[in-house]
């Protein structure tokens with residue numbers, strides 16, 4: 001049978017199916033003692049048979065999936081496609097397929113149109129065919145398992161997807177830094193992190209790296225017994241289990257790595273510690289918010305330049321303009337192949353304060369794409385005093401929309417979802433109703 005080239009779709013490719021069947025068979029009977037726990041990810045399973053539904057329910061109770069969010073639904077690929085017209089896709093989708101070869105490929109192509117690019121797919125099927133394996137690989141299916149499958153089998157497959165040392169890190173890092181101290185970078189970082197966890201239903205870790213003066217604990221109304229300072233003191237013991245102990249669970253999908261905000265030590269830290277900690281954070285959650293302090297140490301510079309996305313916050317005065325210009329020049333020289341940082345011009349419109357108009361501020365930097373947040377002492381002050389985010393308060397919808405839009409652009413998820421809803425959903429729904 002001749003093989004035609006198949007265009008790349010929204011699924012993430014991460015498997016060699018030529019060797020998978022033999023490798024999986026050799027491991028199916030192994031103990032789960034050495035299987036590593038899965039990170040904080042969202043998993044949604046679409047099952048066509050009661051047998052697989054029972055397997056998913058058993059997997060949910062296993063301690064290795066304690067950090068995950070698992071939901072099971074009745075229905076196969078078509079049900080998943082319809083569901084994701086109106087809902088964001090999780091980190092991992094488990095699908096059961098009972099249809100024939102041609103129908104399976106057609107259904108997967110339709111599903112790919114509504115999936116975000118980072119979504120992994122595990123397909124549980126009833127066809128044992130090498131040509132199907134190859135087609136699934138080219139379409140980006142992460143793993144293919146032939147029924148019957150036991151809970152232990154599925155746990156091993158999922159663990160290998162996320163704990164393989166040869167694969168890229170699970171999560172993306174978003175670094176927030178202020179052009180000067182006191183411009184509101186931390187406030188924006190915390191609100192964007194909350195928006196990703198609340199509106200995009202993605203797991204997020206907010207890491208407050210201002211060890212001496214950090215405010216994440218105050219902003220989220222948390223007073224944890226352990227902080228990043230404990231990790232620094234025990235750097236040689238820092239691993240994923242230790243990191244899990246010092247994280248504070250703020251909500252179902254939001255965890256904090258807080259700062260002690262005491263002055264018992266200086267912040268001249270070893271850069272290797274932070275590099276190791278970033279690796280652990282990236283393998284613990286899909287998104288890590290780095291709330292960077294306004295200092296210029298080697299470790300802080302490295303964290304800024306190595307982040308997947310950068311957000312610079314400034315207020316509209318001359319000193320901030322100079323500092324933003326210097327930051328942009330540095331970032332462009334060091335990250336010429338990456339996208340430009342996002343710019344937030346904060347606290348505009350303060351009465352009687354001389355300031356540069358936001359449009360002129362951005363124009364001087366050759367930026368025509370920026371966010372402007374007006375000065376609102378009452379609402380921001382009330383949120384800080386109450387330990388709330390702006391999106392949790394009434395009367396702040398306009399400001400919250402800015403944070404939601406910034407969060408969507410930083411993750412790339414909101415734009416994908418809007419396109420899938422507006423272009424595909426109405427057409428395909430009408431088509432299905434006409435049958």
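Per-structure values
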{"quantity": "Overall dimensions of the chain as given by Cα atoms, namely Rg and Dmax in Å", "calculated": "23.5, 76"}
{"quantity": "At 1.567 mPa s and 4 °C, Stokes D of segment 206-323 from Kirkwood alpha-carbon radius, µm² per second", "calculated": "86 µm²/s"}
{"quantity": "Gain on full stretching of the segment that runs from residue 87 to residue 110 - 0.36 nm per residue minus C-alpha separation", "calculated": "6.7 nm"}
{"quantity": "Crossing angle, helix 318-334 versus the chain [Cα axis fit, 0-90 degrees, rounded to tens]", "calculated": "40 degrees"}
{"quantity": "Cα Rg over Rh - segment 271-327, Kirkwood", "calculated": "1.03"}
{"quantity": "FRET efficiency for residue 103 and residue 129, using Cβ-Cβ distance with R0 set to 22 Å, rounded to 0.05", "calculated": "0.95"}
{"quantity": "Rounded Å value of the spacing that divides the Cα centres of segment 29-102 and segment 327-353", "calculated": "41 Å"}
{"quantity": "Within a Gaussian network of the chain (alpha carbon springs, distance under 10 Å), most fluctuating of 157, 121, 350", "calculated": "350"}
{"quantity": "Length added when fully stretched, residue 318-residue 245, from 0.36 nm per residue minus Cα-Cα", "calculated": "21.9 nm"}
{"quantity": "Using a Förster distance of 56 Å, the FRET efficiency for residue 263-residue 150 (Cβ separation, nearest 0.05)", "calculated": "0.55"}
{"quantity": "Helix-only [θ]222 nm of the chain, DSSP H runs n ≥ 4, -39500 (n - 2.57) each, per residue, nearest 500", "calculated": "-12500 deg cm²/dmol"}
{"quantity": "Length-normalised contact order for the chain - Cα pairs under 8 Å, 6+ apart - percent", "calculated": "17 percent"}
{"quantity": "Segment 36-104, relative contact order [Cα under 8 Å, separation at least 6], %", "calculated": "46 percent"}
{"quantity": "Residue among 320, 385, 91 with the largest mean-square fluctuation in a Gaussian network model of the chain, springs linking Cα atoms under 10 Å", "calculated": "385"}
{"quantity": "Selected from 311, 324, 262 as most flexible by GNM, with the chain as the system and alpha-carbon contacts under 10 Å", "calculated": "262"}
{"quantity": "With Cα atoms, 0 to 90° folded angle of helix 271-282 axis to the chain main axis", "calculated": "50 degrees"}
{"quantity": "All Cα pairs of segment 172-411, percent lying beyond 33 Å", "calculated": "14 percent"}
{"quantity": "Label point at residue 252 placed 7 Å out along Cα→Cβ; residues across segment 381-410 whose backbone nitrogen lies under 17 Å", "calculated": "392"}
{"quantity": "Exposure proxy ranking, count of Cβ atoms within 10 Å, fewest first, for 57, 309, 252", "calculated": "252, 57, 309"}
{"quantity": "Neighbour-count ranking [beta-carbon atoms within 10 angstrom, fewest first] of 173, 313, 215", "calculated": "215, 173, 313"}
{"quantity": "Tail weight of P(r) past 28 Å, computed on alpha-carbon pairs of segment 47-190, percent", "calculated": "27 percent"}
{"quantity": "Share, in percent, of DSSP beta bridges within the chain that are antiparallel, nearest 5", "calculated": "5 percent"}
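Just so you know, all these numbers are worked out from the coordinates, no wet-lab data involved. All of these numbers come straight from a predicted model, not from anything done at the bench. Virtual Cβ from ideal backbone geometry, glycine too; neighbours counted across all protein chains shown.
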